[in-house]
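Written out below as structure tokens is the structure these notes cover.
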Amino acid sequence: MAFSGALTITDLDDFLTPSQACIIPVRNAKTATEGEGEGPTEIHIDSNNNYYEVATYPTGDAGPSTLNNKKALEKAEINLNDCLACSGCITSTESMLITLQSHNEVLSFISSNPVALDPDAPCHKPRLPILSISPQTLASLSAAYSTSSSRPMIPLLALLRRIRAFLSQPEKGGWKVWDTTFSRHMSLRETVAEYHERKDKKDKGKATEMPMLASACPGWVCYAEKAQGDLLPLLSAARSSQGIVGALAKTWYGHKTHHRPDEIYHVTAMPCYDKKLEASRSDFYSSLYSTRDVDCVLTTGELDLLLQDLRFDPYLPVAEENKPTFGSTEDSPFPELLTHEGSSSGSYLATIIREIQSTHHNPTRITIREIRGSADNTEFLIHDTVTGEVIFKGAKVYGFRNLQNLVRKVGKETGIGRAGRSGAGAGKLSLAVAARRRKAKAASASATGTGASTPGTDGVSDAESLASLSLGSGEDKKLDFVEVMACPGGCVNGGGQMKPVSPTSPKSADEDTKMEVDEEGYPRPLPDDGTPSTMDATSTAKDGSLIKSEAEEGMRWSTKEWVAKVEEIYWTGLPTPPPSPPLEASNLDKTCYPHHLPDTGYLRNGIGNGTWNGNVTGGGGRDRARAADQLSEEIVRDVCGDDGGKRWEFLRTRFRKVESDILSQGGVTHEAVKW
């Protein structure tokens, strides 16, 4: 099984040798008892794989202790949660334990689950199957279908409803088919609420965890827990869209339809293998009913295999497949395919930016700068155009190379993490940054003749000129929020997405056998056993396949052209407006958005006209968003009432620092690992 780069370690065999063996059975500290001596001990394993603690210090008897002076250790049960909370093993254990989360398991469920109550066995109630599909998955499937058949792309709403009509047939399992955009809507609302909680504490002078780091990417969370545990307080506690849709399916919808959580079989289709690990976390498990919020996670490729096995025709139309809904229907209890301006990876940063602009008392202006020319590492500054103050600094950081640079930057700004404190200057900006700030200020003063005056020439307003002067002070501002994703290009480039159809020249049989094939049967441009070293435009992969000149690090299973196509379909195939234009000064202004948050699915263009894919709608997008807001509040009241603790458990999650049991004991260090 193939995983994203978050779960692959370079230069280590994916095999549990004795030096890399699981340490769960022997990791518990020895509890001293009365009359028991103290001294060094060793762990011995007999031929039956039993563990014994053997003393190696002298005893009261003549001579050193022998194997007779040994204590049998209790047997340990190892599950996926242990592996997620341990850095002693390599990824093979995680791979083996989640292999069951596949389309074959879903096929087995369909064949074994009765679609109606058996009168001869009334106690065996059929489980209600629910499939929740991410919009990135729909976009990737649409791109693959159109490319392979040379036919037009399928709009996402039409594709969702075709899949629903197909899988809802009793012989196909009788599924309820939803999308995950409403749960993303709830996740964004909770993210904004959490950001305000932290910002208010900071403004009152209280200690708080800033910058706030988005936590919707499980690859990033897994890396942070295992390698950057000190940064975990900075991670947003808001559940991801998968985490919330799981709670909605098992808790809210189950109660509404008179099904216990264990009477629902919930499957999600996600662009990322790491979502399988997220679904296995203890926060998303009900010990009362012995069931998880998400029973099985399929990648986009695995969903495609499932549909192929069931003989799905993606180009078979269904009635009213392009008609958007404004609320709950018989087919879906939530508004379908809501969208948010910003990114195709959740729009967490864009939602925070829009909230700050819509609530700030003065007009604002956005400036953007790409770090080292990378669109995957971009900073966003919000300026008050009256005072020139930088009121917000955010960043979009995609890919593990940029992610590690972010870790270092946050460590320097906060004094925590592996960057750590290093002397009296810890927690402050580096000297190099300070030098760049002084240079920028000097350049601004030189261009205007004086650093204190407010220029108003060349057709530029005083407010805009003042905002331009403040750009140099952006270096002085620490980060407030970061949208973090492990995959370069974001979720549309997830490791579980459909692979590009490359019009390459025919290969010989020998070359085909050399090309590595992943779990889903797709050839991969690069092998999965670690990220290769930095390559130039003419380099080749280990299997001999050519690496295109435009390929970037991390594009191991895709190409830039394919990701761009999926991204385009993601936006143009939605029943709501496309994403906002680039976040430039003239586009993201306080007056561009309604003062209602999150008013998702609605966007005004530069002249303030509401559009629905280019057509005036009379506020239809706003109606969908308000319906989603109202339903969100109703659901939270139904599930949690006025209990703040229940609300926290329903919408948020926890993160746990992992102690480096093996890597820190003379083995491979995290700093030496290439991601």
* **segment 187-330: projected area of the alpha-carbon convex hull, averaged over directions, in nm²** => 12.3 nm²
* If you keep only loop residues by DSSP, which chymotrypsin sites (Phe, Trp or Tyr not before Pro) in segment 174-223 have at most 16 other Cβ atoms within 10 Å of their Cβ? -> none
* Projected area averaged over orientations for segment 211-268, convex hull of C-alpha atoms, nm² -> 4.9 nm²
* **For G415, residues with placed amide H under 5 Å, excluding near neighbours** => G427
* Over segment 204-362, calculate the relative contact order: mean separation of alpha carbon pairs under 8 Å at least 6 apart, over the residue count, as a percent. => 15 percent
* How long is the gain from F109 to D642 if the chain were fully straight, where each residue apart is worth 0.36 nm and the alpha carbon distance is subtracted? -> 188.1 nm
* **Along each principal axis, Cα extent of segment 288-417, largest first, Å** => 59, 41, 35
* Ignoring ligands and nucleic acids, what accessible area does K565 show with a 1.4 Å probe (Å², nearest 10)? -> 70 Å²
* Asked: In what sequence, largest accessible area first, do I133, I43, I110 appear using a 1.4 Å probe?
  -> I43, I110, I133
* Structure fact -> For V177, other-chain or 5+-apart residues with amide H closer than 5 Å (H placed, Pro excluded) are L131
* Express the relative contact order of segment 250-314 as a whole percentage, based on alpha carbon pairs under 8 Å and six or more residues apart in sequence. => 34 percent
* Would you mind checking the pairs K176/K250; K276/K565; K499/K560; K412/K477; K499/K565 and listing those with alpha carbons more than 18 angstrom apart? => K276/K565
* Could you order peptides 386-394, 143-151 by the average number of other Cβ atoms within 10 Å of their residues, highest first? => 386-394, 143-151
* To do: Please give, to one decimal in nm, the separation of the simple spin-label points placed at E561 and K323, each 7 Å out from Cα toward the Cβ.
  => 4.0 nm
* To do: Mind grabbing the accessible area of M153 for me, 1.4 Å probe, Å², rounded to tens?
  => 70 Å²
* Structure fact -> At R0 = 56 Å the Cβ-Cβ FRET efficiency linking R369 and N69, nearest 0.05, sits at 0.25
* Give the accessible area for E197 in Å² (nearest 10); use a 1.4 Å probe, count only protein heavy atoms, and leave out ligands, DNA and RNA. => 90 Å²
* To do: Would you mind checking which residues have amide H under 5 Å from M270's amide H? H placed 1.01 Å from N; only 5 or more apart, or other chain.
  => L298, T299, T300
* Asked: Carbon and sulfur atoms: what percent of the 1.4 Å accessible area of segment 164-321 do they account for?
  -> 50 percent
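The values are calculated or read from the model by the stated rules, or taken from the named source; none is laboratory data. Predicted, not measured: the structure shown is a model, and the values here were computed from it. Methodologically, a virtual Cβ is constructed for each residue, glycine included, from the backbone with ideal geometry; neighbour enumeration extends over all protein chains shown. Surface areas here come from the heavy atoms of the whole protein model, side chains and all, with no ligands, DNA or RNA. Shrake-Rupley method; radii C 1.70, N 1.55, O 1.52, S 1.80 Å.
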